Amino acid sequence: MDFPFESQCSGCDINHDDILEFLGEVVSHIYAFRDRYFENHGIDEALKKNEEIKQVLDKDKHIFQKHEQLALKLNKAKYNFLKGKLLNVLPDYSQEAEILLSKAIKLDPKLVDAWNELGECYCKNNDLIKATSCFEGALKEKKNKISLRSLSILSRQAECKNNEEKVQNIEKGLSYAKESVQLDPKDGLSWAILGNAHLSYFFGIQQNPRILKQCLGAYSQAEKDIVAKSTSDLHYNKGITLKYEEEFQLALECFNEASLYDPTWEPPKTKEKQLLRYLAEIQELVIMKGKMKPKKLQQILQSIDNKKLGPYGGGSYTSSSGQTVKLIETPFNRLISGLNEEKVVLGKVVCSVRNEDSVPFTFCMVDKNGECIVVSVFNLADGKGVIIGDSVAIPEPFITDIDFSYRENTFKFRLVRVETPVILVVNGKKIGKELQAGVQMSISKKFD
């Protein structure tokens, strides 16, 4: 492997006054080698990345050792910072890096970069309280994107005594992320963390589909930056968002891409397998109509009764905006892709679908004609749902036609997405608001 910077500089005659600048360039080079690795290497070389960084690090440590005495005489704080940052380049915690960075800050408490680097070091050692203190210390000295985006992450990861504190931390994390992007709108890592902050807001505060769009918009901005685009975390978290958007093919592709950028990281592979199992089970249950025996299925079809439309049986209902909307009962095969305005569907539950993430609650139901459709319900309280034989009515259903192939699997079915359970009528009665709840989910902590 060629190390152009070292081969050009390690034997150079360097002016004494320039030695710290030279060592700074050595550190900048190894970070550029790490962060922009895939500009000069194929993604099939991902497994070699950390080993090659270690090889560069070994060469650079010799350079630092050679110039240590002179550099310490010129500026102890800066030298300790530069060496500490050099040793902090790998994803694993380095105790030596922590010691050096701590020395740098004691010698010069206004060294913002050292505060940030020590905070990063503490994060690797899972000492999040000390890490937060470091980033806050840096921010007091100077407003900067590294401290802001790091505090965005730590705010959302902080332990909370109650839900009110959790909401405050999520809002604080979103505020930090927005400020980071404002400082440098071209920084992809800040955009990625803003996407994650929006995702936390969606699941922790307000389950509005518009917020998922904001997540994807931020991730798209992040992908314009080669440094952010080269992180497996970005693709993993984008895949999580797309899964909840029910863009299943794109989600699977994102999980696969995350695995390509870091083949040793297991969560993307796990999520990909889980999603494939979930889709395969849906596919089988739709084809087999809940795996019901013909006689039982026939009994269910015959029991579908318009009286179970409940409040939707009068031909109209009051929407969430307060408007009176006309409703016409419509068979599944007459529904169009997208929003079906002024229509209501009625069917019987034939099965529920196992979902390892627990969200959304998914079930299949059939209408009078024996057509089978999948229903996904978001924001349903834990442990709640419908059971086989329940009659379910859904006003103005939003239909997605799933039809794609992935890794020799083909998926084709119709899906109704229900954002809140309170619009459902089950067995002729409207579901109460007590069945609506928030959702718990996990964003990758590898990058966020």
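Please verify whether residue 164 is exposed (fewer than 14 other Cβ atoms within 10 Å of the Cβ) and under 21 Å from the mean Cα position of the chain (by Cα), treating the condition exactly as stated.
It is false that residue 164 is exposed (fewer than 14 other Cβ atoms within 10 Å of the Cβ) and under 21 Å from the mean Cα position of the chain (by Cα).
Looking at (1) under 25 Å from the mean Cα position of the chain (by Cα); (2) farther than 24 Å from residue 272 by Cα, can you tell me which one residue 375 breaks?
With respect to (1) under 25 Å from the mean Cα position of the chain (by Cα); (2) farther than 24 Å from residue 272 by Cα, residue 375 is out only on (2).
Hey, among 336, 240, 304, 328, which residue is assigned by TED's automatic domain parsing to the domain that holds residue 406, under 23 Å from residue 353 (Cβ atoms) and not hydroxyl-bearing (Ser, Thr, Tyr)?
304
Quick check on my filter: what residues within the stretch 365-418 are of a type in the set (Gly, Ala, Ser) and over 18 Å from residue 280 (Cβ atoms)?
Matches in the stretch 365-418: 370, 381, 383, 385, 389, 391, 393.
Here are 83, 66: which of them is over 30 Å from residue 260 (Cα atoms), assigned by TED's automatic domain parsing to the domain that holds residue 108, at pLDDT 95 or above and touching a Leu at 6+ places or on another chain (Cβ under 6 Å)?
Checking each option against the conditions leaves just 83.
Can you pull out the helices (runs of 4 or more DSSP H) entirely within the stretch 174-287 that have at least 3 residues that are in contact with a strand residue (DSSP E or B) (Cβ under 7 Å, 6 or more places away or on another chain) and surrounded by fewer than 19 Cβ atoms within 10 Å (Cβ to Cβ)?
Per the criteria, 267-287.
Every residue in the stretch 375-389 that is in a loop (DSSP other than H, G, I, E, B), of a type in the set (A, V, I, L, M, F, W, C), without any contact (Cβ under 8 Å) to a residue 60 or more places away in the chain and out of contact with any helix residue (DSSP H, G or I) (no Cβ under 6 Å at 6 or more places or on another chain), please.
386, 387
Does residue 72 count as surrounded by fewer than 17 Cβ atoms within 10 Å (Cβ to Cβ) and under 28 Å from the mean Cα position of the chain (by Cα)?
So residue 72 fails the test.
Please go through (1) assigned to a loop (DSSP other than H, G, I, E, B); (2) among the β-branched types (Val, Ile, Thr); (3) modelled with pLDDT of 95 or more; (4) surrounded by 13 or more Cβ atoms within 10 Å (Cβ to Cβ) for residue 359 and return the number of the only condition it doesn't satisfy.
(3)
Which residues, taken from the stretch 288-303, are free of Cβ contacts under 8 Å to residues at least 40 places away in the same chain, surrounded by 12 or more Cβ atoms within 10 Å (Cβ to Cβ) and assigned to a helix (DSSP H, G or I)?
296, 298, 299, listed by residue number.
Select, from 101, 90, the only residue that is touching a residue at least 12 places away in the same chain (Cβ under 8 Å), assigned to a helix (DSSP H, G or I) and either surrounded by fewer than 18 Cβ atoms within 10 Å (Cβ to Cβ) or not hydroxyl-bearing (Ser, Thr, Tyr) (or both).
Only one candidate qualifies: 101.
For residues that are among the charged types (D, E, K, R) and free of Cβ contacts under 8 Å to residues at least 24 places away in the same chain, scanning just the stretch 45-65, find the one that is farthest from residue 229 (Cα to Cα).
58
Before we move on, is residue 159 among the charged types (D, E, K, R), more than 30 Å from residue 94 (Cα to Cα) and out of contact with any Pro (no Cβ under 6 Å at 6 or more places or on another chain)?
Answer is no for this residue.
Between a residue in the stretch 423-441 that is under 19 Å from residue 307 (Cβ atoms) and assigned by TED's automatic domain parsing to the domain that holds residue 375 and any residue that is at pLDDT 90 or above and part of a loop (DSSP other than H, G, I, E, B), which pairs come within a Cβ distance under 7 Å, given they are 6 or more apart or on different chains?
If the second residue must be at pLDDT 90 or above and part of a loop (DSSP other than H, G, I, E, B), the pairs left are 426/386; 426/390; 427/390; 431/424.
The values are calculated or read from the model by the stated rules, or taken from the named source; none is laboratory data. As the structure is a prediction and not an experimental result, all values here were calculated from the model. Don't worry about glycine lacking a Cβ; one is built from the backbone with ideal geometry, like all the others, and counts go over all protein chains shown.
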